[in-house]
Amino acid sequence: MAKDSKIEWTHHTFNPWWGCAKVSPACTHCYAEAWAKRVGSTVWGKDAPRRFFGDAHWNDPVRWHREAALQGVRRRVFCASMADVFERRAELHQWRERLWRLIEATPSLDWLLLTKRPHNVRSMVPWGASWPENVWLGCTAENQIWADKRVPALLEAPANVRFLSCEPLLGPLDLSRYLSSDPAQSIHWVIAGGESGAHSRPMNPEWVRGLRNECQRANAAFHFKQWGHWVPEELLTEQQRNVIVLDGHRLAAVGKGKAGRSLDGRTWDELPFKRHA
Ligand code: SF4
């Protein structure tokens, strides 16, 4: 079965609905909002409606599960790229209930639920202290302030895998209090990356190295997704015109494609458990 998502760390993407409202600085240049606008969907902000889908859409993961089961493999599903599963709105309740049933019916898929609202998780999932093994719960942590607001709620969830998306990484992050040698108390996987797009905020390479080093010390998996729009100038061979200096680092605006995703001479694509590779 082919990988059909362009996102490096997942095989598939599933959206139970489209639409959301911004909650923190990581949302400022929300690509999902821009994409929805581009295709004529007015679903952003607290007063806008959300967009829902029919049975054909909801059957996609069932098909992915069957194909994975036939091949004896596991597949990761990122849920959701165009919404936040844990947004609190009355009309989303029935769709979330449908999502929980779908997750339970597709055990060959690992469902990566990524949220900026982890404080809502406990009251919205039906699983109490016994979650299905195929649920990975993650939250965004773009800087220390938002890590400290969100990660404690993430750590309360008894998910098989708990992960952080530090993308766009907007400041230095000390995760030491959230990484533990006891898996029951720890974050298991950290994804990091810089912002992409013309108005991107630059990322100090030392912030990424700090996260990578902390993960290595704590035996947590680390994935470096991208530099984003800005890349350390020393990684480029050609002279650059658009260069800024951030904390002593010269960063060139070259765009995500050219910037690449090599950090200290290699790519970082670690996954939390070998069985999920
Ligand atoms: S929570 Fe996610 S989907 Fe919602 S506005 Fe923020 S970045 Fe966009």
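With viscosity set to 1.567 mPa s and temperature to 4 °C, compute the Stokes-Einstein D of the chain, Rh being the Kirkwood radius across alpha carbon pairs; µm²/s, no decimals.
66
Using a Gaussian network for the chain with springs between C-alpha atoms less than 10 Å apart, which of these wobbles most: GLN216, GLN185, GLN239?
GLN239
Obtain the nm distance between the two label points defined at ASP4 and ASP174 by a simple spin-label model: each point lies 7 Å from its Cα along the Cα-to-C-beta direction.
A separation of 4.6 nm, rounded to one decimal place.
Between helix 144-156 and the chain, what is the angle of the helix's C-alpha long axis to the longest principal axis, kept within 0 to 90° and rounded to the nearest 10?
Taking the Cα atoms of the chain, the angle to 144-156 is about 30 degrees.
Using only Cα atoms and rounding to the nearest 10 degrees, what angle (0 to 90) does helix 205-218 make with the longest principal axis of the chain?
60
Please compare each pair in LYS46/LYS116; LYS6/LYS225; LYS22/LYS225; LYS116/LYS258; LYS46/LYS225; LYS37/LYS258 to a cut-off of 20 Å on the Cα-Cα distance and tell me which ones are over it.
LYS22/LYS225; LYS116/LYS258; LYS46/LYS225; LYS37/LYS258, as the Cα separations exceed 20 Å there.
For region 129-195 and region 201-277, what is the centre-to-centre distance using only Cα atoms, to the nearest Å?
The distance from the Cα centre of region 129-195 to that of region 201-277 comes to 19 Å.
Label points 7 Å out from Cα along the Cβ direction at VAL243 and ASP269: separation in nm?
3.2
Rank the residues ILE7, ILE187 as a footprinting-exposure proxy: fewest other Cβ atoms within 10 Å of their Cβ go first.
Final ranking by Cβ density, sparse to dense: ILE7, ILE187.
Just rank PHE78, PHE163, fewest to most, by other beta-carbon atoms within 10 angstrom.
Starting with the residue having the fewest Cβ neighbours, the order is PHE78, PHE163.
Summing Lys, Arg as +1 and Asp, Glu as -1, what charge do residues with Cβ under 14 Å from the Cβ of ARG88 carry, ARG88 excluded?
Surrounding charge for ARG88 is +4.
Return one number: the angle in degrees, 0 to 90 and rounded to the nearest 10, between the long axis of the Cα atoms of helix 55-71 and the longest principal axis of the Cα atoms of the chain.
In the chain, helix 55-71 runs at an angle near 80 degrees to the longest axis.
Given a Förster distance of 22 angstrom, what is the FRET efficiency for TRP100 paired with GLU156, based on the Cβ-Cβ distance and rounded to 0.05?
The calculated FRET efficiency here is 0.75.
For the residues MET82, MET203, MET124, what sequence is obtained by ranking on other C-beta atoms within 10 Å, fewest first?
With the sparsest Cβ surroundings first, the list reads MET124, MET82, MET203.
Working out 0.36 nm times the residue gap between GLU91 and HIS29, then minus their Cα-Cα distance, what length gain in nm do you get to one decimal?
Stretched out fully, the GLU91 to HIS29 stretch lengthens by 19.7 nm.
None of the figures in this text is laboratory data; all of them are computed from the coordinates on show. Just so it is clear, the model here is predicted, and its values are computed rather than measured. Cβ atoms come from the backbone with ideal geometry, glycine included; neighbour counts cover every protein chain shown.
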